[in-house]
Amino acid sequence: MARPDIKTYQNLEAAFAGESMAHIKYRYFAKLARAAGDEATAQIFEETAAQEVMHAFGHLDLLYPAGEMTPAKALQIAIEGETYEYSEMYPGFRKTAVEEGNAAAVAEMDEQISESKEHAAQFKAVLEKAAKRFAALAKVEERHANHYQKALDAIQA
């Protein structure tokens, strides 16, 4: 979804990214704290992580207003995002990891490329299925409308 070149949108996207990263990072820290036997710290991280999600949702409400969104539009945005990940983002990251000799990072990037392709394909399949469903519904609705029109024509004759 193309966004206007307005700094506020860029700021909201950056804030969303930051809140999202904080959420995942705090969940990871909670996992580590719990593994170390520190349940109290784990719970604090999890509570804060939940708040970070709510902050991120607030930013998304402004970036993708509910009144403007449809499931099809959301699927298209998701397809574009996953396609970017497997066609541009992760291949670039992979190239850098290869140049730096970081085999673990190369393996991680390869896995992410593969999974991003799968995600994009899943979203495309759902979108295509929905399009077929809506096309079938449109035919049914057209049939109903024609039936009603005939009845109206008969009444008016």
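The values are calculated or read from the model by the stated rules, or taken from the named source; none is laboratory data. These figures come from a predicted structure and were not determined experimentally. Virtual Cβ from ideal backbone geometry, glycine too; neighbours counted across all protein chains shown.
Of everything in the stretch 1-36 that's hydroxyl-bearing (S, T, Y) and at pLDDT 95 or above, which residue is nearest to D61 (Cα to Cα)? Outline the logic, then answer.
First pass over the stretch 1-36, keeping only residues hydroxyl-bearing (S, T, Y): 8-9, 20, 26, 28.
Filter once more, so that each one left must be at pLDDT 95 or above: 20, 26, 28.
Numbers: S20: 14, Y26: 23, Y28: 26 Å.
Filtering the stretch 1-36 for residues that are hydroxyl-bearing (S, T, Y) and at pLDDT 95 or above, the one nearest to D61 (Cα to Cα) comes out as S20.
Restricting the first member to the stretch 40-59 and to residues that are in a helix (DSSP H, G or I), and the second to residues that are buried (at least 16 other Cβ atoms within 10 Å of the Cβ) and hydroxyl-bearing (S, T, Y), the beta-carbon pairs closer than 7 Å and six or more apart or on different chains are F45/Y26; T48/Y26; A49/Y26; E52/Y26; A56/S20.
Residues that are assigned to a loop (DSSP other than H, G, I, E, B) and more than 21 Å from the chain's Cα centre (by Cα) within the stretch 60-108 comprise G101, N102, listed in sequence order.
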